[in-house]
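K.L.:
My questions all concern the structure below.
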Amino acid sequence: MFIDKISLKSKPNDYTAYLPAVKHLFEHPLKISSPITFFVGENGTGKSTLLEAIAVAIGFNAEGGSRNYRFSTKTTHSDLFRHLTVARNAQMKDGYFLRAESFYNTASYLDEVEKEDGSRFASYGGRSLHLQSHGESFLALIQNRFSGSGLYLLDEPEAALSPMRQMTLMIELDRLKKSGSQFIIATHSPMLITLPGCEVLEFTENGIQSVPYQKTEHFQVMKSFLSDPNRMLGYLLYEE
């Protein structure tokens, strides 16, 4: 466990102060108790914003990459990181911040670095991430670049992955956990959160709460829909 507690040392002065997750943190420090922790919740509850702030607070580039990455396409991250206290109790050997929305920028930066250091692609499967599909590049990163004994922050890693590839990701998460790694993952995937031994923190208007995956809204909605699509579609499209 490289990170075990996240708290606010001061109240932000921007929009983040009104996010449910941030308001909760101001009163209740967030304890991280599992090597794999999932942040789940509806859009706008603050899970990705908090993950980004954690990443920047401990030295990762705001748009993604390792702590050696230094590039900026457009500065859009909040100042929340300046108000966070991230309690760390171990020194990580490796680390990475994956943002689905800015992964194209990360891949472009890697291409530029490769021009100067021709060995860089070896850590990403041997070829440019731009020469792979979106999903292939995500898995190439995780399967080749993540070396273990590290802290990995992933924001919506399922965005580019089919259901089958999400199961591949689950295998990789479990493998890396057994090698001494820690993950904090913001996700909308009802599949990923079923991973044994993980903790699911659900972000709602009432704050942040640890819940079994079966009780999350993500899982319940998907289960109801797949159990009887016609009935659910009837509610959505036909009934007045």
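Read the figures in this text as sums done on the coordinates, not as results from a lab. Everything numeric in this text was worked out from a predicted model, so none of it was measured. Glycine gets a Cβ as well: all are built from the backbone with ideal geometry, and neighbour counts include every protein chain shown.
K.L.:
Only bridges whose two residues both fall in the chain count here: according to DSSP, what percent of them are antiparallel, nearest 5?
P.N.:
The answer is about 40 percent antiparallel.
K.L.:
So between LEU226 and GLN209, what do we pick up on full extension, going 0.36 nm a residue minus the alpha carbon distance? Don't jump to the answer; show the numbers that get you there.
P.N.:
Details: separation 17, 0.36 × 17 = 6.12 nm, distance 2.60 nm.
Contour length minus the Cα-Cα distance gives 3.5 nm.
K.L.:
Then there is this: Between the stretch 177-240 and the stretch 1-74, how far is it from one alpha carbon centroid to the other, in angstrom?
P.N.:
So the two Cα centres are separated by 20 Å.
K.L.:
Straight-line reach from LYS223: which lysines have Cα under 26 Å away, leaving out those fewer than 8 places along the same chain?
P.N.:
LYS47, LYS215
K.L.:
Here's something else I'd like to know. Rounded if a/c is under 1.5, else prolate if a/b beats b/c, else oblate: with a ≥ b ≥ c from the C-alpha gyration tensor eigenvalues square-rooted, which is the chain?
P.N.:
Oblate is the answer for the chain, as a/c is 1.5 or above yet b/c matches or exceeds a/b.
K.L.:
Also: For HIS218, what charge total do you get from the other residues with a beta carbon under 14 Å from its beta carbon, if Lys and Arg give +1 and Asp and Glu give -1? Walk me through the numbers before you get to the answer.
P.N.:
Working: positive: LYS47, LYS215, LYS223; negative: GLU42, GLU156, GLU158, GLU202, GLU217.
Computed value for this residue: -2.
K.L.:
Tell me the mean residue ellipticity at 222 nm calculated for the chain from its helices only (DSSP H runs of n ≥ 4, each -39500 (n - 2.57), averaged over every residue, nearest 500).
P.N.:
-9000 deg cm²/dmol
K.L.:
Hey, could you get me the Stokes-Einstein D for the stretch 1-65, Kirkwood radius over alpha-carbon pairs, 20 °C and 1.002 mPa s, rounded to whole µm² s⁻¹?
P.N.:
169
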